[in-house]
Every structure is written in structure tokens, then in C-alpha cells.
Amino acid sequence: MKVVTIATDLENPFLTRLLMPSCRDAGLDLIVLHSTKEQFTFADKRAALTAYLSEAADPDELTVFTDAYDTLFIQGKQHIERAYARFPQRVVFSGETNSWPIGVIGLALRENPPVGRLPYLNSGGFIGPAGDLLDLCTRYPEPPSERFTVLERLRAHGYDTTAQFSFSDQYHWTLVQLLEPDRIGVDHDAAIFEYYGPTGSHLVMQEPLYDVIEFREKGVAAGSYQRERARLLEQLQTPSGAAQLHFASTVTKAAFLHLLDEGLLPEWVASVTANDTAAAR
């Protein structure tokens, strides 16, 4: 099994203090694909992953993709393989609470109501045989928006969802998963991947963006930061049964790093990073 991530900043504190040491301690083989491209986009991320899968990977090897700057692992290969084996699909994506970034449009694309406590796809973590991941990357180099009647109808009225949301890799993979539900599953109950990001409104995509702007302007005095810190502390009181923990959003990962430095994280997660936190100080 390989764990693969893509980074432009090899000194990012979440990468160096959390993802890398947590993979080491869990016995996971982490591959960091380093991109030096200045204007790095999510399309570049898919291209880098495609190149790795086509050139270096065994097609049958189970491969986990993880975000570089907001994730860590608390379980290793045995847990991941056991949880993955329970899914009927060959590829499994993380789940989350939000229909991000397309909001209510994402609800209109689904025939059935959402299921589980993490009903919507999150692209910050996914797993499958390298050959299957490569096939999906090569068959869908662009978001397949033309395959959806709702999106074509919106485009006819001048609202191009790909133009609006191509900044998000999650938009791309959400459409692919909806086209291939028998091949691509979502980890609705956090068996492998657990989402610790905020829950926003399906109707107001700008909400998390406003929170980030406020945090950048006011720092820890921002209301958005204080709310997220309190929410995160409460949510972390219950140990996770997943392998990967994902602290999505700028505000969430800042709050997590501060709680780590202040020694306020619960033992079940603090113990994963204890040695490296001491070394960093």
C-alpha cells in the first residue's frame, strides 16, 4: 500500500509536523509528489497524480490519496485494508457534511436523498487500486458536466458550472462519482476517512469564504476562529474510528495547530503527534 500526496510547499507545518510523522508512526509508506509550478491548480493536482500512477505505480497496489496540508493518519495498513474490503466499490472517496462547492445544485443532481452522517463526496482522501485510479484520471481529464441535463440547462441560461467551480477538485470528482456509483463509493460513516471541517449552508457557498476573510483580517480574535475552535474541541472529545483525519478549511486547520501547540488536544489524537510537537519546540 502507498499513501500519495501532492505538495508545492515542502515546509508546510501540517505536512511536516502532522501528515509525514503520522504516516511514519502508523507504518504507512508516504509518497510526496513535489510540484514547483508557480500557479498550481487542482487540474495540475490530477495531472501530477496521473503521471505518478502511470509511471511508478503497480496497477494492483492499493493506493490512498490524501491532501497534504490538512490531514493526518491515526491507523495503518491493516485497519485501512479491513475497512476498504467492506465497500462494494473498487474506489472509495471520503465523505463530508456539505454539498461543496456547488451547494443546492449538487442536491438537484442526485436522484435519492443523502445517506449517512457524511453524505457528500470529499476529495481530500480516496482509495483504490492504482490501475483503477489511473483509469478514472485518464477517462475524465475534465469535469464531465455535459453528461448532466441539469448542468446543461443551466449553461443554456448562461450559468456555466464548470466555469464557476473548476477551482475545486471536489466539483470534478463529485460529477465523476455520480456517473460511476457502482465503481466509486463514498465513505458516509467515516470507516477510513473522517471529515472534521465545518458544516455550511447548501444555499450560501460564500459562507466559508467570509469566515476565511475574517480570520485573515482579525486572526484569533475573529468570531469565525473562536466558533471553529470551540466546535473542533467538542467534536474531538469522541475518538475517531477512521484512519485519516481531515481538518478541512483554513480556519479549522489553524485552530487545530493552535490546540496542538497549546496542549489542549484530547490524548487519543495528541499522542499521534506528541514526539514531533516536542521536537518542533
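The values are calculated or read from the model by the stated rules, or taken from the named source; none is laboratory data. Bear in mind the structure is a predicted one, so any value in this text is a computation, not a measurement. Positions of Cβ are backbone-derived with ideal geometry, glycine not excepted, and every protein chain shown enters the neighbour counts. Ligands, DNA and RNA are stripped out before the accessible areas are found, and what is left, the full protein with its side chains, is counted by its heavy atoms. Shrake-Rupley method; radii C 1.70, N 1.55, O 1.52, S 1.80 Å.
A few remarks follow.
- Contact order, relative form, for the range 1-125: 31 percent (alpha carbon pairs under 8 Å, 6 or more residues apart, mean separation divided by residue count).
- Percentage, to the nearest whole number, of Cα pairs in the range 1-132 over 18 Å apart: 59
- By the Cα gyration tensor, the chain has an equivalent ellipsoid whose semi-axes, rounded to whole angstrom, run 28, 24, 18 from largest to smallest.
- Protein-only accessible surface order, largest first, of S240, S271 at 1.4 Å: S271, S240
- Only helical runs count toward this figure. For the chain, summing -39,500 (n - 2.57) over DSSP H runs of n ≥ 4 and dividing by all residues gives -12500 deg cm²/dmol at 222 nm.
- Estimated distance in nm for a label pair at D189 and E152, the labels positioned 7 Å out from Cα along Cα-to-Cβ: 3.7
- Eligible aspartates and glutamates near K45 by straight Cα distance, threshold 15 Å, same-chain separation 8 or greater: D9, D67, E142, D169
- Share, in percent, of DSSP beta bridges within the chain that are antiparallel, nearest 5: 45
- For the chain, the relative contact order comes to 23 percent (Cα pairs under 8 Å, sequence separation of at least 6).
- Apportionment of accessible area to carbon and sulfur, the range 137-197, percent (1.4 Å): 49
- Top positive-direction residue, dipole computed over the chain with Cβ charges, set M20, P141, A83: A83
- Residue-normalised accessible area of the chain, expressed per residue, 1.4 Å probe, Å²: 46
- Beta-bridge orientation, the range 69-198: approximately 55 percent antiparallel, per DSSP, counting only bridges with both partners inside.
- The apolar share of the surface of the range 1-112, taken as the fraction of accessible area on carbon and sulfur atoms (1.4 Å probe, ligands and nucleic acids excluded), comes to 49 percent.
- DSSP beta bridges in the range 1-138 [antiparallel fraction, %, rounded to 5]: 55
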